[in-house]
Amino acid sequence: MPEKFKSLSPAEFFYRNREIAGFSNPARALYQTVRELVENALDATDCYGILPTIQVEISRESNEAPHYRVTVADNGIGIPPEHVPQAFGQVLYGSKYVLKQTRGMFGLGVKMAILYGQITTGKPVIVETVPYRSKYKYSFKILIDIEKNQPIVLERKVRKLKRRRHGTLVSVVVEGDWGRAKSRIIEYIKRTAMVAPYANIYFKDPDGNVHHYPRVIRKLPPPPKETKPHPHGVDIELLKTLISNIEANTLLEFLIKAFQSVGEKAAKEFLEFAKLDPNIKPSELSIDDLKYLAMKLKEFNGFKSPRGTSLSPLGEEIIEAGLKQILKPEFVVAVTRKPSAYSGHPFIVEVGIAYGGQIPPAETPYLYRFANKIPLLYDEKADVAWKVVTEEIDWRNYGVTFPAPLAILTHICSTKVPYKGVGKESVAEVPEVERELKNAIREAARKLKTYISKKMRELEAKKKIVALAKYIPEVSESLAVISRPPTGEHNGLSPEQIAKMLYKILEVKLEKLGLKGKFDLSKIKVKIST
């Protein structure tokens, strides 16, 4: 019999292959659902200049089946009601298909959570949204038609609001395993608070425990701006798309309009380098011509590097605030590198180092990895950051001897983070990214070394002063005897007076060393008998 052929809709493909998006088992699926909803909530707030207030709740939906309702509410810009059915009921439909940094890459994750909930519990997603400056709240109950990849709207309601507000609430029921997912989800929320200390985050777990991470800084990262592709990141299909979407009568005009960092001068220099006619119409280029054009665009070194305006780095102040809030170290430093690029994609590497305080000593540094502000909890040892932190950096050169109370935060932001897999849990060892990570960590580690060296000098000075202070009682007694007049009259300095003078000398010494206020000399003072 002849084989049967059929096509799969995107929804049906991901329904059959949900493991590749992180929904491989009930524990991982519960974690992934929380993650996808929280990331959407944060993108709807900080990317639009709104200080986020995020409320997360996981509740047991049934005592008989392991079903959990995950609800996430935000104070973001909301969603226009005409887009809600597709935004939550059509796979590969969303607002993230532009060239700028976002937490999600495809707008796929929330639909995967809805799909997983639908196939494991049969329940629809509930969406309530109040668009920015709207007087109405729109409520929906939606299922996904898996075969057609279309939304099925079971219920749609509109209610006028008594007071102005904005934001979105999404609630989905999934099969989960809270016992196995608990530690991961709590850690994810904590790390989200670390990377977004400007957010007010509430999390209520199924056991009734409330985890609250208050806002500790009101500064927001700069919002990313949509940008054009860079010439080094093109391929044949992208050129086809650009040619069909951009009105240009000549190849010279096309290059200037289609790409960032390409002005008239750079375009002319490139066309001369590639030996291409600047007056040819882009629409007349054949497949072979496009192949040649893409190859030459990548080879030409006269283009400026990609701009960083499409990126939203945290910045040193926010990183330091997050580390202080969560880890409570005695020393913290952050470094934000200048924009760089790999394969035409701009990226920025940021690093934070926390040391001492409430960080417990360990045999290796605690590593907190983030990409586009997303905490990466799984596949740690497969990540380029693990390789750099544990293999490429000799921490002894920076005064660190393990076990040590050392924590490293790494953040990579890019329009295209080079993840190793669809699960987006580890970053690949791209040479340009690895180089920037090394440079950022070394820059921060040099500041740590300065701090540790200063701390060691202070410790040595304290030891010397403590040693001297212990001898003050005996020295005071001896000096009192020596200072008495030969007549034997007791009108000389008393041992107590001499001791006070000697302690005063030590206090002056402490002040000169910059240790005044860091060291309490009174704790080692010995009472002098008169």
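The values are calculated or read from the model by the stated rules, or taken from the named source; none is laboratory data. Here the structure is a predicted model, which means the values were calculated and not measured. Cβ placement follows ideal geometry from the backbone for every residue including glycine, while neighbour counts extend to all protein chains displayed.
Table for the structure above
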{"quantity": "Hits in region 392-439 (condition: among the acidic types (D, E) and more than 20 Å from R191 (Cβ to Cβ))", "calculated": "E392, D394, E429, E432, E434, E436"}
{"quantity": "Within region 257-270, tally of residues that are within 34 Å of the chain's Cα centre (by Cα) and either of a type in the set (K, R) or farther than 19 Å from A341 by Cβ (or both)", "calculated": "1"}
{"quantity": "First in region 441-458 and more than 8 Å from Y398 (Cβ to Cβ), second anywhere and exposed (fewer than 15 other Cβ atoms within 10 Å of the Cβ), Cβ under 8 Å, 6 or more apart", "calculated": "E458/G514; E458/K518"}
{"quantity": "Among (1) modelled with pLDDT of 90 or more; (2) closer than 29 Å to K182 by Cβ; (3) assigned to a loop (DSSP other than H, G, I, E, B), the one test that E64 misses", "calculated": "(1)"}
{"quantity": "Residue in region 277-297 that is within 30 Å of K324 (Cβ to Cβ) and crowded, with 16+ Cβ neighbours inside 10 Å present", "calculated": "no"}
{"quantity": "Residue within region 159-168 that is under 13 Å from A73 (Cβ atoms) and part of a strand (DSSP E or B) present", "calculated": "yes"}
{"quantity": "Residues of region 282-304 satisfying the condition of being in a loop (DSSP other than H, G, I, E, B) and over 17 Å from F259 (Cα atoms)", "calculated": "L285, S286"}
{"quantity": "Given (1) aliphatic (A, V, I, L, M); (2) touching a Ser or Thr at 6+ places or on another chain (Cβ under 7 Å); (3) farther than 26 Å from L51 by Cβ, number of the condition I201 does not satisfy", "calculated": "(3)"}
{"quantity": "Qualifying residue in region 451-464 (condition: modelled with pLDDT of 90 or more and either surrounded by 14 or more Cβ atoms within 10 Å (Cβ to Cβ) or within 18 Å of V351 (Cα to Cα) (or both))", "calculated": "yes"}
{"quantity": "Which numbered condition T53 misses (of (1) crowded, with 17+ Cβ neighbours inside 10 Å; (2) of a type in the set (S, T, Y); (3) under 14 Å from G176 (Cα atoms))", "calculated": "(3)"}
{"quantity": "Residues located in region 324-367, provided they are closer than 18 Å to E434 by Cβ and among the aromatic types (F, W, Y)", "calculated": "Y342, F347"}
{"quantity": "Close pairs from region 79-90: first more than 17 Å from R133 (Cα to Cα) and loosely packed, with under 15 Cβ neighbours inside 10 Å, partner among the β-branched types (V, I, T) and at pLDDT below 90, Cβ under 7 Å, at least 6 apart", "calculated": "none"}
